[in-house]
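This report refers to the structure that appears directly beneath it.
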There are 2 protein chains.
Amino acid sequence: MDALKLLVDEVRLTPILISDPPLLNVQGVHQPFTPRLVVEVITRGGVIGLGETYGDGVYLDLARSLAEALPGHPVTDVNSLFGLAATADPVGPEAERDAADVDAGGLRGVRTADKLRLSVVSAFETACLDALGKTLGLPVHALLGGKVRDTVEYSAYLFYRWAAHPGAGPSGGPSGAPTGHPADDWGAALDPAGIVAQARRFDRLYGFRSFKLKGGVFEPEREIAAIRALAEEFPGRPLRLDPNGAWSVETSLAVARELKDVLEYLEDPASGTGAMAEIAARTDVPLATNMCVTTFEEVPEAFAKGAVRIVLCDHHYWGGLHRTRELAALCRTYGVGLSMHSNTHLGISLAAMTQVAATLPELDHACDTHYPWQTEDVVTTRPVFRAGRLAVSDAPGLGVELDRTALAALHRRWLDDDGTLRERDDAAAMRVADPGWRTPRVPRW
Amino acid sequence: MDALKLLVDEVRLTPILISDPPLLNVQGVHQPFTPRLVVEVITRGGVIGLGETYGDGVYLDLARSLAEALPGHPVTDVNSLFGLAATADPVGPEAERDAADVDAGGLRGVRTADKLRLSVVSAFETACLDALGKTLGLPVHALLGGKVRDTVEYSAYLFYRWAAHPGAGPSGGPSGAPTGHPADDWGAALDPAGIVAQARRFDRLYGFRSFKLKGGVFEPEREIAAIRALAEEFPGRPLRLDPNGAWSVETSLAVARELKDVLEYLEDPASGTGAMAEIAARTDVPLATNMCVTTFEEVPEAFAKGAVRIVLCDHHYWGGLHRTRELAALCRTYGVGLSMHSNTHLGISLAAMTQVAATLPELDHACDTHYPWQTEDVVTTRPVFRAGRLAVSDAPGLGVELDRTALAALHRRWLDDDGTLRERDDAAAMRVADPGWRTPRVPRW
């Protein structure tokens, strides 16, 4: 191995806007387009490694600083990315202020400058590992100690949703749609029958065995009814409900009582470690989180209080694939279960999720993924879920290649946007349909 | 990369006996020779990876089972070694019984079958990573996410000791020595002046800045005096005292009071997490351990009780280099410091220690090493400490090569032994000088 070939020559950042269906959550609704950032790390050997992360402005600013600092560093040196990110551009006053807001999508707990940085590093780490794997002819999982399984199980991610974004034509065509957003053919799902129909389609298309319902949209009784309907349609299949912290402790306990016989776990019923711990102490239903434990700093208190029995890992949150493995080790050590979170993402992130998931013996729940909702991608070949699983690629790196035509088109959309869609804002998207909408204060119920 | 080249073709195990000076500890004294096991993992590509671990019979038995199971597995798949070790040969009744004893050297806390297995896996993991690195032309640190420093600091490891093993001639020659053991020229160190002289020589030869004294040998007052003498000779230099759990809580607190102004940390003053926690609550002197926290299972209780402020990692204990990194992540998460433990070892282990230490930003104390006490080795080039540090090798793999002549000679010694030295037993070694010696019950003082 010529060590010079492993040095980073250039980093290319491509912010894009990707089509997203009108999926509802406690904050509002997904915008017609959501920002993502594609990171390409190019080595002196001419190999291109890929990474993907959030694309909002504050992430983009940090990514630009890190991209400037990286050339000359070997792609093997992913441990040093954290220090490099911290010193390349100490988060300035503006980013600190932005960081005090909620995160992209508002569903990540308290946003801090450190969390932003970790999300940016995650894409650079993934890209470095992809470049290293492609250079060596080894899959990323082999760079993480090797896979312990050949397929990774994913869960169907059910959403209350509209048929189309406001203004989009019912045909799905762009006529009359101010957003130019093509509707998909999934139709609306706003009641138990709609959710069951959606689940049936996921089951038929991809064979998912587990079902997760994004809750916090309607009053709890309606969401309980949806889970009950799912349990009746799919007896014995793992079911999860995630209201993104929308409920009070008492409401959470009431839902847990109603659904205790059918839930695999209840995810973030209430906001904050204190409330989660109180609920956990009073129910046997396992609680899971990707909101009150999203950084290592938040682990000790949550574990000490017994606030959660399952942590949803997410390499975008935790700072990459190595850090995800460290989180798994923490969970193993403390007897806490492990699942995987997903936010709107494309095929690069899905490949990274699958590679790291393959190396974690501790991953004992099906992983979440929004991927089936995404109709656009920047990879040349869309991965296919079979029996609810993805095969773990043994191809070099992440096993995906960039579709430059698709990337250019999605970047063009980002360039053409007047700025309103470059920052994900589910509440703003909701105000298009409901001008009086404000992000609800939690607990909402 | 031809994936077939990475498959394990053969595993070669070579038990050896290595010369060890008469270093004193609470259990007794090091035997003239101590067993180690050299593991060679040979790939179908013809590359040989090296690992080293304990060589006592119970380790050797487990290693033989794993060696039989490994051929056909890729050297990239180190995550699966744990499962393979557990299923290849579930620890049988005999090993379980042996495991209930104290460990090799008696200084590792309670011995369990799981600990034995992790120690064996550690050598196989190291050998796989060495083979992988040599195949790819990458140093092992690059397979662990890359080094974050170019040198690793080590501490001088001071011991009370005799000039020679009982029966060895004062000249160091073998004449009259029933063990055939050549004495070294360090001379005896049995009082503060002797310890200071030893420290001066370590300082002069290798430039170590930190000094650790193995205590638990004499009554605490005498060991306090030795530390005081070191503090006077080397003002401001980090000093550590480690009686291997020989003291009561009250004695530990008394020693802490006496030495609080000069100790970097006090290591395992008393045995067990409960006693350590009691001491920690009543002194400001940081407590370190490689006895009450030696497995992931022991972490939660010790951290919850605040029993230790520094954990000494050791890849032989924790199951390899990846697991050592996981321990570092745990310590980072819980705000616990990290140092590194050493038991009698050769250059293969020293290379592995240095490679993993180079990747750990959290390692904020100089590492222990017995290595300067070892006059024999199985590597072709002995690493050299300069200014108390070892340079981190960027050569492929661990950066060491096997000296087959030396290995054969040390293996011959193992073959020729009648069995008495194949199991490390510091108490038995002490009985050669003091027939009435029994392993002291702790707390001894």
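List of remarks:
Residue by residue, here is whether (1) within 30 Å of B:Arg444 (Cβ to Cβ); (2) at pLDDT below 95 holds:
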| position | (1), (2) |
| --- | --- |
| B:Gly28 | yes, no |
| B:Pro71 | no, no |
| B:Pro93 | no, yes |
| B:Ala99 | yes, yes |
| B:Val102 | yes, yes |
| B:Leu118 | yes, no |
| B:Val121 | no, no |
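- Top-ranked residue of region B:422-444 - restricted to ones that are open to solvent by less than 30 Å² (accessible area, probe 1.4 Å) and among the aliphatic types (A, V, I, L, M), ranked as nearest to the other protein chains (Cβ to nearest Cβ): B:Ala427
- Number of positions in region A:137-151 that are closer than 17 Å to A:Gly320 by Cβ and either more than 10 Å from every other protein chain (Cβ to nearest Cβ) or not in a loop (DSSP other than H, G, I, E, B) (or both): 5
- Top-ranked residue in region A:297-315 [being part of a loop (DSSP other than H, G, I, E, B) and within 14 Å of chain B (Cβ to nearest Cβ); ranked as surrounded by the most Cβ atoms within 10 Å (Cβ to Cβ)]: A:Lys305
- Output for region A:231-250, where each listed residue is assigned to a helix (DSSP H, G or I) and out of contact with any helix residue (DSSP H, G or I) (no Cβ under 6 Å at 6 or more places or on another chain): A:Ala231, A:Glu232, A:Glu250
- In the condition set (1) in a helix (DSSP H, G or I); (2) open to solvent by 10 Å² or more (accessible area, probe 1.4 Å); (3) within 14 Å of another protein chain (Cβ to nearest Cβ); (4) not acidic (Asp, Glu), A:Ala395 is compliant with all but (1).
- Summed over region A:344-369, the residues that are in a loop (DSSP other than H, G, I, E, B), open to solvent by 10 Å² or more (accessible area, probe 1.4 Å) and at pLDDT 95 or above give a count of 2.
- Selection status of A:Glu258, among the charged types (D, E, K, R), assigned to a helix (DSSP H, G or I), without any contact (Cβ under 8 Å) to a residue 60 or more places away in the chain and within 14 Å of chain B (Cβ to nearest Cβ): no
- Residue pairs whose Cβ atoms lie under 6 Å apart, separated by 6 or more positions or on different chains, with the first residue in region A:58-84 and away from chain B (no Cβ under 13 Å) and the second surrounded by fewer than 24 Cβ atoms within 10 Å (Cβ to Cβ) and of a type in the set (Asp, Glu), are A:Val58/A:Asp98; A:Ser65/A:Asp89.
- Residue count for region B:185-214 satisfying the condition of being in a loop (DSSP other than H, G, I, E, B) and in contact (Cβ under 8 Å) with a residue 40 or more places away in the chain: 4.
- Filtered residues of region A:316-355 (kept if within 14 Å of chain B (Cβ to nearest Cβ) and touching a residue at least 60 places away in the same chain (Cβ under 8 Å)): A:Trp318, A:Gly319, A:Gly320, A:Leu321, A:His322, A:Arg323, A:Arg325, A:Gln355
- A:Thr294 buried (at least 24 other Cβ atoms within 10 Å of the Cβ), more than 10 Å from chain B (Cβ to nearest Cβ) and of a type outside the set (Lys, Arg): yes
- Count of region B:225-254 residues, restricted to those that are within 19 Å of B:Thr289 (Cα to Cα) and touching a residue at least 24 places away in the same chain (Cβ under 8 Å), is 17.
- Residue that is nearest to B:Thr273 (Cα to Cα), among those in region B:401-445 that are aliphatic (A, V, I, L, M) and free of Cβ contacts under 8 Å to residues at least 24 places away in the same chain: B:Leu415
- Scanning region A:129-140 for residues that are more than 13 Å from A:Gly45 (Cα to Cα) and of a type in the set (A, V, I, L, M, F, W, C) yields A:Leu129, A:Leu138, A:Val140.
- Residue within region B:46-61 that is buried (at least 24 other Cβ atoms within 10 Å of the Cβ), of a type in the set (S, T, N, Q) and within 30 Å of B:Trp162 (Cβ to Cβ) present: yes
- B:Arg389 being surrounded by 17 or more Cβ atoms within 10 Å (Cβ to Cβ) and either among the charged types (D, E, K, R) or assigned by TED's automatic domain parsing to the domain that holds B:Leu13 (or both): yes
- Selection within region A:277-291 - in contact with a strand residue (DSSP E or B) (Cβ under 6 Å, 6 or more places away or on another chain) and either of a type outside the set (Val, Ile, Thr) or within 11 Å of chain B (Cβ to nearest Cβ) (or both): A:Ala280, A:Pro286, A:Leu287, A:Ala288, A:Asn290
- Residue within region B:10-17 that is outside any strand (DSSP E or B), crowded, with 24+ Cβ neighbours inside 10 Å and under 25 Å from the mean Cα position of the chain (by Cα) present: no
- Single residue of region B:264-291 satisfying the filter (open to solvent by 40 Å² or more (accessible area, probe 1.4 Å) and in a loop (DSSP other than H, G, I, E, B)) that is farthest from B:Val249 (Cα to Cα): B:Asp284
The values are calculated or read from the model by the stated rules, or taken from the named source; none is laboratory data. What you see is a predicted model, and the numbers here were worked out from it, not measured in a lab. All Cβ positions, even for glycine, are placed from backbone atoms using ideal geometry, and neighbour counts span all protein chains on display. Heavy atoms of the whole protein, side chains included, go into the accessibility calculation; ligands, DNA and RNA do not. Shrake-Rupley method; radii C 1.70, N 1.55, O 1.52, S 1.80 Å.
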